[in-house]
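What follows is a single structure, written as structure tokens, with notes after it.
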2 protein chains.
Amino acid sequence: MPAPTLTAADYAQGLAAGQRGVLARAITLVESTLPAHQALAQQVLQTVLPRTGGALRLGITGVPGVGKSTFIEALGLYLVEKLGKKLAVLAVDPSSPRGGGSILGDKTRMPQLTAHPRAFIRPSPASGSLGGVARATREALLLCEAAGYDVIFVETVGVGQSEVAVHGMVDFFLLLMLAGAGDELQGVKRGIMEMADALLITKADHGNEKAARRAARDYEGALHLFPPAASGWAVPVRTCSALSGAGLPEAWEVIEQYAAHTQASGYWQHRRAQQQLQWLEEAVRQALESQFYGRAGVQSALPSVRQAVAAGQLTPWAAAEQLLAH
Amino acid sequence: MPAPTLTAADYAQGLAAGQRGVLARAITLVESTLPAHQALAQQVLQTVLPRTGGALRLGITGVPGVGKSTFIEALGLYLVEKLGKKLAVLAVDPSSPRGGGSILGDKTRMPQLTAHPRAFIRPSPASGSLGGVARATREALLLCEAAGYDVIFVETVGVGQSEVAVHGMVDFFLLLMLAGAGDELQGVKRGIMEMADALLITKADHGNEKAARRAARDYEGALHLFPPAASGWAVPVRTCSALSGAGLPEAWEVIEQYAAHTQASGYWQHRRAQQQLQWLEEAVRQALESQFYGRAGVQSALPSVRQAVAAGQLTPWAAAEQLLAH
């Protein structure tokens with residue numbers, strides 16, 4: 001990592017000018033755990049804050065094998081080439097090791113998008129706590145907005161807790177799924193489907209079109225039996241092929257319809273404000289908990305206390321009191 | 001409230017003897033917010049802890065109108081009369097005012113069960129924070145187990161956050177629903193269905209049987225499209241009539257099958273241990289947060305800080321730092 005010799009004003013200026021190099025360095029800064037970097041990062045964020053909030057923030061999830069990279073490359077190229085958008089692609093994958101090996105860290109999986117001047121692709125922050133990774137990604141999202149990107153994809157892997165974190169930072173949450181042969185559920189975690197604002201059946205090509213359409217119909221029927229979202233939005237299910245491009249414009253139209261619908265109703269603004277407040281509460285909670293669980297006395301007592309609680313030998317409240325006494 | 005003149009040993013002895021009056025007083029004790037009562041309550045809980053854990057803990061939810069009271073009365077009578085069980089019925093409804101008015105506080109809605117010597121019915125703790133109400137109910141649940149009740153119902157209203165809390169204290173979570181005329185969703189909150197271990201369509205009587213069976217089929221089909229539960233249990237959907245009693249033995253059989261299935265797989269024990277640890281973490285978090293947000297400086301700064309964050313004028317992290325500086 002290069003030393004952050006830029007000042008907060010330098011960063012703000014570079015971001016306002018849309019300089020990719022400055023954006024990349026600013027993201028590296030927010031990812032750093034060094035206190036000096038963190039202080040500077042907060043200064044940068046506070047300075048550019050008035051220039052943020054303008055992008056459409058789209059969460060994209062789906063398990064490995066669903067064709068997520070191909071989909072992101074295809075939809076991304078449609079947005080930057082056909083619609084003239086500036087697109088940033090971020091990711092939340094706490095399990096991803098920095099550097100090689102990680103699916104999300106591998107830029108070569110989106111070769112054309114990576115090379116496009118109006119696209120900016122950034123792998124997930126280094127492996128660490130989900131809270132830390134999610135915070136860094138959310139800060140990176142604000143930096144991308146300050147740099148003028150008007151669509152942000154936040155990608156995640158569809159099998160863990162990361163989806164809840166991503167859901168808390170985006171305007172629209174898109175779940176990619178496969179059709180066919182009872183494989184519909186391939187590892188999608190329970191609860192994720194309830195967060196989705198739309199389902200998209202991928203790989204509707206190579207003779208798989210009919211199965212994809214049938215799966216879409218089945219899911220749409222099933223979703224109608226479930227409680228409606230707080231937004232009042234009925235979750236649509238569509239099919240697409242990243243290879244042929246079929247269904248991509250329609251998928252994007254769904255997202256724009258959602259934006260129009262919820263901006264008119266005020267739900268969009270409401271959700272954004274709620275998300276900000278949730279991040280505040282989360283930041284406070286993380287600080288309180290990391291301080292508390294970081295105490296030497298708590299750290300040494302915790303394992304045996306947890307064991308006693310799990311075994312039913314100590315009530316959770318008595319255990320909490322024991323820990324809090326440290 | 002009578003003064004708690006009993007000692008912890010008195011309470012433990014009375015509970016071990018299954019004395020209803022002592023149980024009722026012990027629950028009043030855990031519901032009390034007086035520090036002296038709380039200290040004694042913790043002593044009682046710690047003393048009786050080895051005698052807890054033996055009950056089947058069943059969460060029951062469904063919106064008003066679904067016939068929850070009638071269902072609980074009918075299933076409860078089946079359990080105590082036909083199967084010889086000892087049943088305790090608790091509730092989590094943070095909105096319920098103590099005394100008259102509250103649905104959950106009104107014992108007359110289950111007249112026969114209330115009068116039965118092997119049933120113990122207790123309304124929701126007084127209105128307060130969800131965390132406080134949930135904690136008191138969970139402590140009451142342990143006290144009921146110590147008093148020899150072998151089935152505990154924990155009832156909730158199906159429209160809010162209480163269901164998450166109840167899901168965190170029971171072995172099986174049952175969602176009651178109505179069939180017919182597009183009313184299937186009547187206010188059920190999104191996310192609740194994903195927590196259910198079984199769905200039960202109520203009021204399958206008076207010519208409504210066919211619609212109920214159709215709804216059950218539709219839901220069962222829909223649920224198969226959704227990701228499986230962590231327990232590996234496929235969520236069944238059944239119908240019942242609390243009036244005729246039809247379907248009640250079958251509903252109970254589903255719950256016993258679940259118990260047998262997950263006890264054999266070890267998931268039952270795993271879920272119990274996880275729940276204990278979650279209560280520990282929650283108890284610590286509640287203590288840390290109530291201490292923090294109770295500080296005068298934080299209380300006076302919070303409204304303007306929250307407003308600035310919601311309006312996008314201050315980053316959540318800078319805001320958290322401002323608050324933490326107090």
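The values are calculated or read from the model by the stated rules, or taken from the named source; none is laboratory data. Everything quoted here is computed from the prediction, not taken from an experiment. Note: ideal-geometry Cβ built from the backbone for every residue, glycine included; neighbour counts use all protein chains shown. Keep in mind that these areas ignore ligands, DNA and RNA; they rest on the heavy atoms of the full protein, side chains included. Shrake-Rupley method; radii C 1.70, N 1.55, O 1.52, S 1.80 Å.
Of all residues in the range A:89-136, exactly one satisfies the criterion of being modelled with pLDDT under 85, assigned to a helix (DSSP H, G or I) and among the polar types (S, T, N, Q), namely A:Thr108.
Summed over the range B:243-255, residues that are open to solvent by 30 Å² or more (accessible area, probe 1.4 Å) and touching a residue at least 12 places away in the same chain (Cβ under 8 Å) total 5. When the helices (runs of 4 or more DSSP H) confined to the range A:1-71 are screened for residues that are of a type outside the set (A, V, I, L, M), within 14 Å of another protein chain (Cβ to nearest Cβ) and open to solvent by 20 Å² or more (accessible area, probe 1.4 Å), those reaching at least 3 such residues are found at A:35-48.
Go through the range B:283-321 residue by residue and tally those that are buried (at least 18 other Cβ atoms within 10 Å of the Cβ), in a helix (DSSP H, G or I) and either modelled with pLDDT under 95 or within 7 Å of another protein chain (Cβ to nearest Cβ) (or both). Residues meeting the conditions: 11. Being outside any loop (DSSP other than H, G, I, E, B), at pLDDT 95 or above and out of contact with any Ser or Thr (no Cβ under 9 Å at 6 or more places or on another chain) is true for just one of A:Gln276, A:Gln257. Which residue is that? None of the others qualify; the one that does is A:Gln257.
Taking the stated definitions as given, is A:Ser231 within 22 Å of A:Trp268 (Cα to Cα) and hydroxyl-bearing (Ser, Thr, Tyr)? Taking the combined requirement at face value, the residue satisfies it.
Checked across the range A:208-222, the condition of being within 14 Å of another protein chain (Cβ to nearest Cβ), open to solvent by 80 Å² or more (accessible area, probe 1.4 Å) and touching a helix residue (DSSP H, G or I) at 6+ places or on another chain (Cβ under 9 Å) holds for no residue. Here A:Val235 fulfils each of the conditions (1) of a type in the set (A, V, I, L, M, F, W, C); (2) outside any loop (DSSP other than H, G, I, E, B); (3) touching a residue at least 24 places away in the same chain (Cβ under 8 Å); (4) surrounded by 18 or more Cβ atoms within 10 Å (Cβ to Cβ) apart from (2). Being open to solvent by 80 Å² or more (accessible area, probe 1.4 Å) and of a type in the set (S, T, N, Q) is not true of A:Gln274.
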